[in-house]
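Worksheet for the structure shown next.
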Amino acid sequence: MRLPLAALALLTLTACAPDRAVIHREVPTTSELAAILGNVQTLAVRPPPGARSVLLSSGIGGPLKDADLPGGALRVTVGVSGLDCPDGGRNVRVVGPFGSSGTCVPMTPSFGLQPLHDGRTTPLPLNRWVPMAALQPTVARGLGVVSDPDPAHWHLVSVYFSDAPNIHADAVPDASTAAQTLK
């Protein structure tokens, strides 16, 4: 049996190749991704009847007619980066159908990102800030740590559905009013 010269060269190179590459790609593990990405949650928020525009407390928003609403819900992703901000806080990023926004939030090294009103079946109110998720610092209690129960210490990500066709941040109350609904 005669092998073409190219096939013989390939067999020779393959036989001389090391068993393992010194550097090669691998799929990152969940814990490796979490160290960089941090805590990430996507929330599906159904607009109330009569809503024509939306604003997220991160400053992004627009008319609902321009939004992609798969299944009739607005998808909002909230992430707390695993990488600290220069001042030691946490980088909180919000992504919605109109773009994304990030901000550094002063926060303890230990925290939790909790959805609020998860499983709610009654429509959200119009023209009022409603908290969707809370970044909650942890506090020492006994021999362990628990989420800080005081909403005044939380960083809230809130939504404002408006009956106006086009909403602007300066036309609504300050997003901090969302905390009043938690008391």
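I'd like to verify a number: residues in segment 143-183 that are closer than 22 Å to Arg75 by Cα and among the charged types (D, E, K, R), how many?
The total comes to 1.
Scan segment 84-102 and tell me whether some residue there is at pLDDT below 80 and over 22 Å from the mean Cα position of the chain (by Cα).
No, that holds for no residue.
Please determine whether any residue of segment 55-73 is outside any strand (DSSP E or B), modelled with pLDDT under 90, open to solvent by 50 Å² or more (accessible area, probe 1.4 Å) and at positive phi.
Yes, the conditions are met somewhere in segment 55-73.
Within the bounds of segment 152-167, is there any residue that is open to solvent by 80 Å² or more (accessible area, probe 1.4 Å), without any contact (Cβ under 8 Å) to a residue 12 or more places away in the chain and more than 23 Å from the chain's Cα centre (by Cα)?
no
Would you please name the residue that is farthest from Val76 (Cα to Cα), looking only at residues in segment 23-54 that are open to solvent by less than 70 Å² (accessible area, probe 1.4 Å) and in contact with a helix residue (DSSP H, G or I) (Cβ under 7 Å, 6 or more places away or on another chain)?
Ala51
Quick one: Leu124 ticks every box in (1) open to solvent by less than 40 Å² (accessible area, probe 1.4 Å); (2) not in a loop (DSSP other than H, G, I, E, B) bar one, so which box is it?
Of everything listed in (1) open to solvent by less than 40 Å² (accessible area, probe 1.4 Å); (2) not in a loop (DSSP other than H, G, I, E, B), Leu124 misses just condition (2).
Might you check whether a residue that is open to solvent by less than 70 Å² (accessible area, probe 1.4 Å) and among the hydroxyl-bearing types (Ser, Thr, Tyr) occurs anywhere in segment 106-121?
Yes, segment 106-121 has at least one match.
The values are calculated or read from the model by the stated rules, or taken from the named source; none is laboratory data. If you're wondering where the values come from, they're calculated on a predicted model, not measured in any experiment. Don't worry about glycine lacking a Cβ; one is built from the backbone with ideal geometry, like all the others, and counts go over all protein chains shown. Heavy atoms of the whole protein, side chains included, go into the accessibility calculation; ligands, DNA and RNA do not. Shrake-Rupley method; radii C 1.70, N 1.55, O 1.52, S 1.80 Å.
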